[in-house]
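These notes concern the structure reproduced below.
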Amino acid sequence: MKALSQKRRHPMAAIALLLMGLLVTGGLYAVATTVNQAKADTTSVSASDVEEGGKLFAANCATCHGMGASGSQAGPSLVGVGAAAVDFQVGTGRMPMQMNGPQAYQKPAQFNEEQTRKLAAYVASLGPGPAIPEENLVDGKGDASAGGELFRVNCAMCHNAAAAGGALTRGKFAPALAGVSGEHIYEAMVTGPQNMPVFNDSNISPEGKRDIISFLKTIEANGSPGGADLGALGPVSEGLFVWIAGLGVIIAFTIWLTSRTS
Amino acid sequence: MGNHSDGSPNHSGTVATAGQSEVAKFQDPGIPPHRLRLADTDPRAAKRAERQVALLFGSSVVGTVIFLVAYFAIDLGADSTIGTVRLQNALLGLGTAFAMLGIGTGIVHWAKALMPDHEVSEERHAIRTEEDRQAAVRIVDDIVEETGIKRRPLIRNTLLGAVALAPLPALAIFGDLGPRPDDKLAHTMWAPQDGKLKRLARDPDGTPIKAADVTIGSAFHVIPEGLNEMHEGKLDEKAKSVVLLMRLNPEELNPSPERADWAYNGIVAYSKICTHVGCPVALYEQQTHHLLCPCHQSTFDLTQQCKVIFGPASRPLPQLPIAVDSEGYLVATSDFHEPVGPSYWEREEHVRNNNA
Amino acid sequence: MSATTTPDASVFVAETKGGRITDFVDQRVGGSGILREFGRKVFPDHWSFMFGEVALYSFVILLLSGTFLTFFFDPSMAETRYAGSYLPLKNVEMSVAYSSSLDISFDVRGGLFMRQVHHWAALLFVASVSVHMLRVFFTGAFRKPRELNWVVGGVLLILSMAAGFTGYSLPDDLLSGNGLRIIDGVIKSIPVVGTYISFFLFGGEFPGTVIISRLYMLHILLVPALILLMIVMHLFMVVVHKHTQYPGPGRNDGNVVGYPLGPVYAAKAGGFFFIVFGVVALMAGFFTINPIWNYGPYDPSPVSAGTQPDWYIGFVDGALRLMPGIIGNWQVEQVWFGHVFSFNVLLPALVPAGIIFTVLFTYPWIERWITRDNREHHVLDRPRNAPTRTAIGMAGFTWYCVMWAAAGSDLIATHFHVALNDVTYWLRALFFIGPVIAFIVTKRVALALQRKDREIALHGRETGRIVRLPHGEFIEVHAPLDEYKRYKLVGFESPSPLPAVPNDHGVVDKKEKRRAKLSQWFFEDRVAPATPAELEAAHGHHGGHEAIEAAESQKTLSR
């Protein structure tokens, strides 16, 4: 993840994004319902990126998402999902999907940084959608306490108050958020991958999103003050622990205590 | 042997015991002979055990020192971090554990290795003797007889009546623990005030929501406008009035005729309080349009007016009728048409009153 | 005491320092009688006898750590803004109770440690009470004369759960707040008075502003006082009854074999307190429990995935999860006579817990009635030697465990990558068939173990040495048992079913007929203990196995 975001800081990347931006500016603000302040001004990529992305798409994604990403039985249309959706889905390895199932699993990314960027450029060229967020929104230096409040109201019911993940219906689940880059967290909020609702910028402002990321990064960096966190899963893991480890150790002591010395 | 001795007569013979009558059982060989320990025979082993015990007690002293050092040397002041708290907590635990386990294991090792380990047999004494038993029964009979309670039913019955009623004040005195419920559960603060419709506002900051803000696939956590400004009973109101706002494709909604105008452009608002036991039903799956309660997994289908499709809830989530005001903000056109949250005894009556 | 009388004086003079101190105390307050009675009282020793002590010691640890916590905790629900040192909650609006809990965790030195000691000890307390009761049940220690102490133990279990629950809610964090909300929902479902009880408990509408201070009073005063009272009664009865012992050579219902209280047993038991404390301290130092800072202050709007109660309330929560709210098209919640009957909440909240505790409290009398066994028992049953009782216990335990597992259905789903709904469907099925399977399997296993005991008693232990006989046959050498080890395997009763007995009027009434049927069910499958005659036969016959088969077919398994 680190390598990914560092390469994005490469000066060439900014220029490429700028060019891309020029190409798609016309379409970007067309739909009023997509309220998204996070659309980066630096969203600019070259035409060749789009073209190469198109080739990658045709070779790797079109089987399910259809030629021209217009969707098929096997996968939804990607017109208008934006570069953020591609960066999230491909960057976290969820796409291409390993197999059909209730939900795409996170796995090692199948495409490198460069290829992901080109794919994103291609999909973004198909229709306006949320762009990849700017650096300063995902740096984790916002107000962690305000972010915590937003997180508890909007996210904790699925992802757990300590972001340890939780179950959804019929085999779906909300993943744990430790180790997920700020960029991907941001992109997930604006695009609503799979069954996650969309949190557009009028619902949670870009600053609010930055605060949420800051909160997550803070608690991840802090760790638990009380020692090992037992998965931060709450009373179930605590109960298991006291029955297995706590009582186990005590039973070992009782056996020693009542045994005869040789 | 065989001292069952609770004094009651013919205590045996009521249980048929197999093989006892016709076949001889194995005889009890008695307590096994005592085996000597190493420390009993070998003075060096005894000395070694003694040193081990002393070492364990010594480790307890080390533990106490660790505790005191961790307590006084680690500063939880301004420049402390979570890591500092964790370190101190771990060292306090380690110190206490050493201090306690050192004493505990030391004493036990001492007892096991050096104190006499002869198993001894002690006779059980009867809990009571037959003589006592008969005397006790007689005494109770005499006491009852002397009160004459059996011969004077008037006394007995009035006493029983008085004793039965006497605790009533003790119950009544708790009458002021809380107010009467009346119809407090039937209303929320979504009801229009002075003809002014309540706007839907974001939780937690309380800013109103425009219909245009709600894109397809979004979920907003909503409180009534003005809730955050309350001081008295804010959480009580919030506990009833929290709402989840979602937008779907309008054709997916399938509203019943009487609720046709309760949604706006595919935007619907449902109570977030589970009809099962009241947890916030906040998990919205934007593709399946299911709402899931994280406490007991009741699942509600948004496309069927939040009908229960799985789990322990029995009733659909109440819907909040919404519309858009002149400035484009979402407003509740009325209160919920039924009480929100878990069922209660008087609920049906409140539903009828609300709809009357 | 190490004191001797001087031969010439009629006055007893203690010669050692310890003796003089004892004498000094005795002359002022008495007690030499008590010391004489208890100083050398014999206690049997077995690891499974220690769980009661674990419970007692956990309770002492709870009192110590709890007292510390009360010095810093403020049970007020007044609104405040957090100004302590935990940054991710800085300036967040919360109750004073939550804020002071955070202060204990982050700003009071050793406060977090004490909180974790208190909570781990609480979980351990209820767990050890439960395991202690399981031990008592499976070994038949509840039989006469200990029925009343079993009941006191059951009351202690309920009280320990009450203590745990009232304490769980005190920090006023999001997790416990949602727990209280569930309790409120369950209370509201009670017919007729539910709404009133809810309003009286919370001092108005949920959550109100008084519930924490009310629970606090219950948690630090009423419930611990009741627990203490029950512990005193419990221990008093232990003294009256003396301890039970496992069967074995030299042990019978008329004696108690073990170590004298002073010094060996007292040293072990006393040392064990420090061991329990040490283990709890280790857990508290290195493992987080109830990270309230993660959950945030209570607010009726948010909720966290994985909202569960502490383990001892888990089975009720699991039952709530398992109950379907709609069966087919039939709403389980019914409106009758204009009033609501929330059977989807009432049934799972009250019925399983009601059944478990009713059976628990009445079991000693039920078994006594079925077996008509009115004797005193001080020698325990090995669980295998009471197959039906063991099977009943395991069926109940399995039933409990199914509900228990259901409370973690979401975590089972996420951690084993199965669908949440499927977990619920499976557990619903297991709720009904799990106990039945457990009963059958346990009974068969118990009988199999009894047969193995017979086999070993008659043929000795398998040594694993294979010997080839001169005529080419291979046999495994069995080492004979000594008489002490053998007595442990054969020294038990194996009652056969007791047919209906006519009452005083010479009539076999319906109740007695039912009892006879139950007795048949209770005792029909049994393996009789090996007898000396059989041992003789087994030894006379070196081939071994045929003789045993013959003996078994003669007198065991009277089906």
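Judged by the mean number of other Cβ atoms found within 10 Å, the most tightly packed of the peptides C:347-357, C:171-181, B:151-161 leads the ranking C:171-181, C:347-357, B:151-161. In terms of overall dimensions, the C-alpha atoms belonging to the range C:281-434 reach 60, 57, 30 Å along their principal axes, ordered largest to smallest. In this structure, A:Glu135 and A:Asn112 have a Cβ-Cβ separation that, at R0 = 22 Å, corresponds to a calculated FRET efficiency of about 0.65.
Rounded to two decimals, the Cα radius of gyration of the range B:38-113 over 2.2 N^0.38 Å is 1.52. Please work out the C-alpha center-to-center distance from the range C:364-404 to the range A:95-154 and express it in whole Å. After rounding, the separation between the Cα centres reads 59 Å.
Over chain C, the fraction of Cα-Cα pairs per 10 Å bin, rounded to whole percents and listed from the shortest bin up, is 3, 13, 20, 22, 18, 13, 8, 3, 1, 0. What relative contact order, as a whole-number percentage, does the range B:185-355 give when Cα pairs under 8 Å and 6 or more residues apart are counted? Computed over the range B:185-355, the figure is 25 percent. Bridgeable lysines around A:Lys55 (alpha carbons under 18 Å apart, same-chain partners fewer than 8 residues away excluded): A:Lys118. In terms of its Cα atoms, the range B:154-198 spans 68, 16, 12 Å along the principal axes, sorted from long to short. Using only side-chain charges placed at the Cβ, +1 for Lys and Arg and -1 for Asp and Glu, the dipole size of the range A:137-191 relative to its Cα centre rounds to 320 debye. Packing around the peptides C:73-80, C:268-275, taken as the average count of other Cβ atoms within 10 Å per residue, puts them in this order, highest first: C:268-275, C:73-80.
The spread of Cα positions in the range B:63-104, taken along each principal axis and listed from longest to shortest, comes to 38, 15, 7 Å. Within the same chain, lysines fewer than 8 places from A:Lys141 are excluded, and of the rest, those with a Cα less than 23 Å from its Cα are A:Lys2, A:Lys7, A:Lys39, A:Lys209, A:Lys217, C:Lys90. Rounded to the nearest 0.05, the FRET efficiency derived from the C-beta distance between C:Val238 and B:Phe57 at R0 = 35 Å is 0.70. Normalised by residue count, the range B:45-165 yields a Cα convex hull volume of 245 Å³ per residue.
Report note on the peptides C:134-141, C:113-120: ranked by the mean count of other C-beta atoms within 10 Å, highest first, their order is C:113-120, C:134-141. Here the label points at C:Glu536 and B:Asn249, each 7 Å from Cα along the C-beta direction, are separated by 9.1 nm in the simple model. Over every Cα atom in chain B, the radius of gyration and the widest Cα-Cα span, Dmax, amount to 37.5, 100 Å.
Based on Cα atoms of the range A:46-132, Rg over Rh with Rh as the Kirkwood radius reads 0.93. Per-residue Karplus couplings for the range C:217-229, computed as 6.51 cos²θ - 1.76 cosθ + 1.60 with θ equal to phi - 60°, are listed in order as 4, 5, 6, 9, 10, 5, 5, x, 4, 5, 4, 4, 4 Hz, Gly and Pro entered as x. Computed over the range C:172-326, the P(r) tail beyond 19 angstrom holds 74 percent of alpha carbon pairs.
Note on C:205-216: average number of Cβ atoms from other chains within 10 Å of each residue's Cβ is 3.
For chain C, the longest principal axis of the alpha carbon atoms and the long axis of helix C:174-188 meet at an angle near 80°. State whether the range B:80-229 is rounded, prolate or oblate according to the following rule on the C-alpha gyration tensor (a ≥ b ≥ c being the square roots of its eigenvalues): a/c under 1.5 gives rounded; otherwise a/b larger than b/c gives prolate, and the remaining case gives oblate. The shape class here is oblate.
Dividing the mean sequence gap of close Cα pairs (under 8 Å, 6+ apart) by how many residues chain C holds gives a relative contact order of 14 percent. Between C:Ile437 and C:Asp509, the simple spin-label model (points 7 angstrom out along Cα→Cβ) gives 4.2 nm. Dividing the Cα radius of gyration of the range A:133-252 by 2.2 N^0.38 Å, with N the residue count, gives 1.21.
Diagonalising the gyration tensor over the Cα atoms of the range C:1-147 and scaling each eigenvalue by 5 before taking the square root yields semi-axes of 50, 26, 12 Å, largest first.
Overall, the range B:38-113 carries a charge dipole of about 300 debye about its Cα centre when +1 sits on the Cβ of Lys and Arg and -1 on the Cβ of Asp and Glu, all other atoms neutral.
Computed on the range A:133-252, with alpha-carbon pairs under 8 angstrom and 6+ residues apart, the relative contact order is 34 percent. Mind checking which of A:Asn200, A:Ile251, A:Ser224 is farthest towards the positive end of the range A:135-262's charge dipole, using Cβ charges of +1 (Lys, Arg) and -1 (Asp, Glu) about the Cα centre? Of the candidates, A:Ile251 comes out farthest on the positive side. Look at the dipole of the protein assembly as shown built from charges on Cβ: of A:Ser48, C:Pro44, C:Val257, the Cα furthest out on the positive end belongs to C:Val257. Across the range B:315-323, coupling constants 3J(HN,Hα) worked out from phi with the 6.51/-1.76/1.60 Karplus curve, θ = phi - 60°, read 10, x, 5, x, 9, 9, x, 10, 8 Hz, and Gly and Pro carry x. Across the range B:84-94, computed HN-Hα scalar couplings (Karplus, 6.51 cos²θ - 1.76 cosθ + 1.60, θ = phi - 60°) run 5, 4, 5, 4, 4, 4, 5, 5, 4, x, 4 Hz from first to last residue, x flagging Gly and Pro.
Cross-link partners for C:Lys443 among the lysines, with Cα-Cα distance under 16 Å and sequence neighbours closer than 8 places in the same chain left out: C:Lys452. A Cβ-based charge dipole, computed about the Cα centre of the range B:185-355 with Lys and Arg at +1 and Asp and Glu at -1, lands at about 220 debye. Across peptide B:236-243, the mean count of Cβ atoms from other chains lying within 10 Å of each residue's own Cβ comes to 4.
Helix B:43-73 versus the longest principal axis of chain B: what is the Cα-based angle in degrees, 0 to 90, to the nearest 10? On a 0 to 90 degree scale, this one is about 30. Reported value for the protein assembly as shown: 266 Å³ per residue, from the convex hull of its C-alpha atoms. The ellipsoid that matches the Cα gyration tensor of the range B:185-355 has semi-axes, each √(5λ) in whole angstrom, of 21, 20, 16, with the longest given first.
The mean number of Cβ atoms from other chains found within 10 Å of a Cβ in peptide B:33-41 is 1, as a whole number. Over the range A:86-163, the hull volume per residue, using the convex hull of the C-alpha atoms, is 146 Å³.
Coordinate-derived values only; no laboratory data. Because the structure is predicted, anything quoted here is derived from the model rather than measured. Neighbour counts run over all protein chains shown; Cβ positions are idealised from the backbone, glycine included.
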